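Read through the structure below, which is laid out as structure tokens, and then see the notes.
The values are calculated or read from the model by the stated rules, or taken from the named source; none is laboratory data. Please read these numbers as outputs of a predicted model, since none were measured by experiment. Cβ coordinates were reconstructed from backbone atoms using ideal geometry, including for glycine residues, and neighbour counts include every protein chain displayed.
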Amino acid sequence: SHGLVLIPVLLTISAALCVLLPWKFSLILAVYYAMTLAYPFVLKRLEAVDVVTLALLYTTRIFAGGAAAGIVLSNWLLTFSVFIFLSLALAKRCAELLLMRKNGKAASAGRGYVLDDLPMLRSMGVGSGYVAGVVLAFYLSTPQVAIAYARPDILWVCIPILVYWVTRVWLKTGRGEMHDDPLVFAARDRTSLALAGLGAGTIVAAL
């Protein structure tokens, strides 16, 4: 009941704030809202479509931030975002399937997956996470990085940090220890926070 009351209130506030921002932000917000409406009613029931949609929703938030701030976003950033968020979306689905198996269920209610999909989803998720690392490595090899940073070689420390974190997320998922949404897990997990701090420190040191 509270949600139904808040929907028109928050939409009105959002529309009012859009007046203060570039028109591109309003367009992106409209697309994002349409996708979020379609997701619970249709898209989440379609195998593969649901995880791709989640990855695109998170990436759309980055688009919105760039439009609001008037920043031209790098294609490297957007490509990296799609793959890393796809990996996390697949981790969430694998965690759900593992819980289903534990509870003796063969199919997911409201989802398009069955237990036999687990090995394939796991391989796609791990692969997607590592592809994000490859995208980051290619980006660090571009001339733009050498121009933007005084000590660009230091940034290569971010590669093993990312690979370790992706590996850890998937090990925990495979062991049935991913009880939260992967993003919530990252925000609460001390090791993940320490790795994020190390990565931020690496970027500062490279400036």
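Here are the numbers for this structure:
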{"read-out": "Answer from VAL126, VAL135, VAL82, VAL145 - the residue that is more than 18 Å from LEU183 (Cα to Cα), modelled with pLDDT of 95 or more and surrounded by 15 or more Cβ atoms within 10 Å (Cβ to Cβ)", "value": "VAL135"}
{"read-out": "LEU155, sole failed condition from (1) surrounded by 18 or more Cβ atoms within 10 Å (Cβ to Cβ); (2) not in a helix (DSSP H, G or I)", "value": "(2)"}
{"read-out": "In region 44-67, the residues that are under 30 Å from ASP116 (Cβ atoms) and either among the charged types (D, E, K, R) or crowded, with 18+ Cβ neighbours inside 10 Å (or both)", "value": "LYS44, ARG45, GLU47, ASP50, VAL51, THR53, LEU54, ALA55, LEU56, THR59"}
{"read-out": "Single residue of VAL184, VAL157, VAL145, VAL134 found to be under 18 Å from VAL204 (Cβ atoms) and without any contact (Cβ under 8 Å) to a residue 24 or more places away in the chain", "value": "VAL145"}
